[in-house]
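Inspection log for the structure reproduced underneath, given as structure tokens.
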Amino acid sequence: MKKSILALLTITFIFTYSCSKESSNPTAEPDVTAPTFNFSIAGFNNNSSAIPIVVSNQIEININAQDAGGISKVEAFIDDEKVGEDTSAPYSIIVDVSSLASKTGKTNTFKDYILKVVVTDKSGNSESKNTIINVDNEKPTITGVNLSAGAVINGDNNTVTFDVMDNQELTSVKAFLNNELLIDLPLDNLSININTNNLTDGENVLKIEALDSGENLGSFEVAFISDNTGPEITIESLVENQIIDSLITISPNVNDLYSEVDSLKVFLGDSIIFSLANQTDYSFDFDPNLFGTGANSIKIIATDSLDNMSELIIPIEIYRRLITLNFPSNFYDPQLARIYVFASDAEGNLLDSKRVMQDTDKITLRTIEEISPNSEFMLTIGEYSTGAFGNSSEFTTLQNLTPSTLGEINFKTYPRFDYSPTNPIKFPAQGFDSQDIISLNSEGFGYGGSFYSETEEFSIDRRRSTTSAVNSEFIYVPQVNLTLNEYSYYVADWDIPSDFVFTPQLFTNQNVEKRFYQPILSNGDTFESSSYWIAGYFSNDDFQNNIYHRIDGHGYGYQGLEGIPYYFNSIFTNYKYNVRINDYYTERTGELAPSFHTLDWSIDYSYSNNEIEVIKNGLDHTVGKVFINSDPYVVIGGLNISYRWSLVFDSQKTDNIKLPKIPEEIKTWGFYELYEQGNMEVQQVEIKRYENINSYDEYLYKVIKDNRHSYLVSPVMESKFKSTVPGYYQKAPHFLLD
């Protein structure tokens, strides 16, 4: 009983204590209320589970959640797999859906995914909401673009069409050129125009972007070439204001960076002269002789496969080429003050003039006058030297030239010799009979000697050639005893010892023979006089280079029964000689002929006002020559003025020779006053013929063109001449004329 009362008291205490505590601090009710919320997917307004939302790549879930006790976390699940959470407001979860399959394999329809958003409060209460989403990770496909990679286009009208395919609705299609927006296209008209005039030539990029409702962006890029420029034309063989006087090949380099060269047309002025299409080599020949002279222009128009056109205009001048003169490196004689070459028409009017300088290697004479390839002109070479006491002018004129017959002359260097002779000059000449008349006159290439019986000296002037290595190795000294009518000779080395003494014992007559030649006169002419000159050569090389030695030379005013005597020496390998009989002159190679028939020609002339009228008769002559000479000089203004002028002409068709008019640069030379007054002296006029040369043009080609010795071309030259000094032939040698 006592035990029961104790238990009862205990229960009563506990209850009483409990009631007492509750009444003073009431117990809170547990939080069992779930949060409230709604959510949306960025870019979509309708989250109704009945209508699936199509998303792509990633989605942004924005959650607006409330709870009295506070939100603990927000979570997102796709098909119950957690894909993200957020624990702080504002609540947003970004979910990557790019790895999710878009469609089911069999039906090729969108696969439904359940997107669940769960919001949990701090009491652990949670609330969830679901929506169905479809994932579209397929980008719009751009196909059928009619602009191919590397295509070359031009102009302002280039339509580009294409198709866009997508499994969703397209929201925009844009086109960009070089990353700059070109056009935002209407979805019902997928067509673009490219105006290449707004682009730089070269590579450009067209990009097309298509965006679908799933924010999938499809793009297509194509690089193309814009080409609004014609082919580039360059010419290395032609420069501005170039003078064209002969056939040239013009080789345009025609290149197009982006297109094929289609055609090329060449105009002279406004007239087309050349056209080619679809070629790789556009070279063409231009013959100025087909067109008029004067200023003009060559215009070249090139077109590419896109019809782009470019043109190059080069101003030119068309002249008529007369002749080209080629000079060797050592041609210029430093002893001369001036050398000029000039061309004149048949009336003597100046066509062109050029000065020859020390470094001149080529001169082309040309004219702007309208002449044909067969028009005649004359070429003159003028040389001027001057000193303290006067000056000298020498001219050589070739007449009856045409642009088509000669073309060019290749000059050779006329031999020039040391300014001072080799020492010693004088040698003792002892033992010669003082009672006899003795001649030791020697003459050869680079030397000349004389005997002075009064002083018993032999004087020899020796000079080496300065223009070539060709020189004589010997000095031929003939001794003619006019008292005894005997001939002997001595061959000395060029370098005669300084203590050398000439004596009669040195001379020999071995290989010497006295011979005769018979003058045979034509038409019963009376013999008046004859002269001869004989030279020998020790080798054929000497013969080719005219390294000669005079054997004998004399003149006679009578002839014996056997003819005209002379001495011949057979020690030489080659011979050259000349013979004059009255007004007949011949120059030949080999040994002297036994007889000479004079020519049945006649020659006379008159001279007035710088014109020479030639009166001639006869057949077979081809070349004429006029020699004008001051003989030896004329005093003008206290100065000794000398001049020489040789004019060569076609003797078959020319009777009147006009001296060419003088260029301004030459009018200061001393002779000009006499020229202007017409007071120059004609000393000789001749007509001649050459064996193996049948015309004047052939003479020009065989002798003059390469500046050859005429005796190397023709072994026989015969002339009929008239001289102011009867019985004397003026050879008047010159570097161009023997």
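One quarter of the convex hull surface built on the alpha carbon atoms of the range 141-226 amounts to 5.1 nm², the projected area averaged over directions. At an R0 of 41 angstrom, the distance between the Cβ atoms of GLU85 and PHE176 translates into a FRET efficiency of 0.55.
Database remark: amide H of LYS111 closer than 5 angstrom to the amide H of LYS103, THR104, VAL135 (H placed geometrically; neighbours at sequence offset of 5 or more, or on other chains; Pro and chain starts carry no H).
Measuring between their Cα centroids, the range 568-600 and the range 139-192 lie 101 Å from each other.
Please give the direction-averaged projected area of the C-alpha convex hull for the range 185-251, in square nanometres with one decimal. Intermediate values should be presented prior to the final figure.
On the way: hull surface 31.9 nm².
Averaged projected area of the range 185-251's Cα convex hull equals 8.0 nm².
Peptides 719-725, 653-659 ranked from most to least packed by the mean count of surrounding Cβ atoms within 10 Å: 719-725, 653-659.
Thinking of the range 232-318 as a set of Cα atoms, what percent of all their pairs are more than 19 Å apart? Walk me through the numbers on the way to the answer.
On the way: 1254 of 3741 pairs.
For the range 232-318, the share of Cα pairs beyond 19 Å comes to 34 percent.
Its Cα gyration tensor gives the range 502-653 an equivalent ellipsoid, and the semi-axes of that ellipsoid, as √(5λ) in whole Å with the largest first, are 33, 23, 17.
Could you tell me what % of all Cα pairs in the range 512-596 have separations over 23 Å? Working shown, then result.
Details: 826 of 3570 pairs.
Beyond 23 Å sits 23 percent of the P(r) for the range 512-596.
Each residue of the range 148-157 is assigned a 3J(HN,Hα), and the resulting list reads 8, 4, x, 4, 9, 10, 7, x, 9, 10 Hz, derived from the Karplus form 6.51 cos²θ - 1.76 cosθ + 1.60 (θ = phi - 60°), x at Gly and Pro. Taking the average, over residues, of other Cβ atoms within 10 Å as the packing measure, peptides 151-164, 392-405 rank 392-405, 151-164 from highest down.
Please give the net charge around LEU100, taking every other residue with its beta carbon less than 13 angstrom from that of LEU100, where Lys and Arg add +1 and Asp and Glu add -1.
Charge balance in the 13 Å sphere: -4.
Can you give me the C-alpha center-to-center distance between the range 631-649 and the range 706-738, rounded to a whole angstrom? So the two Cα centres are separated by 20 Å.
Annotation: aspartates and glutamates with alpha-carbon distance below 18 angstrom to LYS653 (same-chain offsets under eight excluded): ASP345, GLU347, GLU376, ASP604, GLU611, GLU613, ASP620, GLU686, ASP697, GLU698. Near the amide H of ILE183, within less than 5 Å, lie the amide hydrogens of ALA175, all on another chain or at least 5 residues away, with H placed in the peptide plane. Sorted largest first, the principal axis extents computed over the alpha-carbon atoms of the range 678-738 equal 33, 22, 17 Å.
Taking only the Cα atoms of the range 481-541, the ratio Rg/Rh comes out at 1.11, with Rh defined as the Kirkwood radius. Computed from the Kirkwood radius of its Cα pairs, the Stokes-Einstein diffusion coefficient for the chain at 4 °C and 1.567 mPa s stands at 35 µm²/s.
Multiplying the residue separation of ASP270 and GLN58 by 0.36 nm and subtracting their alpha-carbon distance yields 69.2 nm.
Quick one: order TRP533, TRP669 by neighbouring beta-carbon count within 10 Å, fewest to most. All intermediate terms of the calculation are to be shown ahead of the outcome.
Values: TRP533 19, TRP669 24.
Ordered by Cβ neighbours within 10 Å, fewest first: TRP533, TRP669.
Here is the P(r) of the range 36-135: all C-alpha pair distances, binned every 10 Å from 0, give 16, 49, 26, 8, 1 in whole percents. When peptides 239-247, 378-386 are sorted by average Cβ neighbour count within 10 Å, with the highest value leading, the order is 378-386, 239-247.
Of LYS661/LYS731; LYS576/LYS731; LYS362/LYS412, which ones are farther than 19 Å apart at the Cα?
Numbers: LYS661/LYS731 25 Å; LYS576/LYS731 15 Å; LYS362/LYS412 13 Å.
In this structure, LYS661/LYS731 exceed 19 Å between Cα atoms.
Between THR467 and ARG416, the built amide H atoms are under 5 Å apart, and every one of these is 5 or more places off in sequence or on another chain.
Principal-axis analysis of the Cα atoms of the chain puts helix 2-24 at an angle of about 50° to the longest axis. Note on the chain: antiparallel DSSP beta bridges, both residues inside, total approximately 90 percent of the bridges counted.
Have a look at SER226, TYR452, TYR319 and report the one farthest towards the positive end of the charge dipole of the chain, computed about the Cα centre with Cβ charges (Lys/Arg +1, Asp/Glu -1). The residue sitting farthest along the positive end of the dipole is TYR452.
Computed 3J(HN,Hα) for the range 267-281, one whole-Hz value per residue from the Karplus formula 6.51 cos²θ - 1.76 cosθ + 1.60 where θ = phi - 60°, is 10, 9, x, 9, 9, 6, 10, 7, 8, 9, 9, 6, 10, 10, 10, glycine and proline marked x.
Positive-end ranking of SER172, GLN652, SER539 along the dipole of the chain, with charges on Cβ about the Cα centre, is headed by SER539.
Reported to the nearest whole Å, the Cα centre-to-centre distance from the range 542-560 to the range 438-464 is 16.
Expressed as a fraction of 2.2 N^0.38 Å, the rule-of-thumb size for a compact globular protein of N residues, what is the C-alpha radius of gyration of the range 261-360? Walk me through the numbers on the way to the answer.
Values: Rg = 20.7 Å, N = 100, 2.2 N^0.38 = 12.7 Å.
Dividing the Cα Rg of the range 261-360 by 2.2 N^0.38 Å gives 1.63.
Compared with the direct C-alpha span, the chain from GLU513 to ASP418 gains 30.7 nm at full extension, assuming 0.36 nm per residue. Rounded to the nearest Hz, the phi-derived 3J(HN,Hα) couplings of the range 563-571 under the Karplus curve 6.51 cos²θ - 1.76 cosθ + 1.60 (θ = phi - 60°) are x, 9, x, 7, 10, 10, 10, 8, 6, where x marks glycine and proline.
No value in this document is a laboratory result; all are computed from the given coordinates. Computed from a predicted structure; not experimentally measured. A quick note on method: Cβ atoms are made from the backbone with ideal geometry, for glycine too, and the neighbour counts reach across all protein chains shown.
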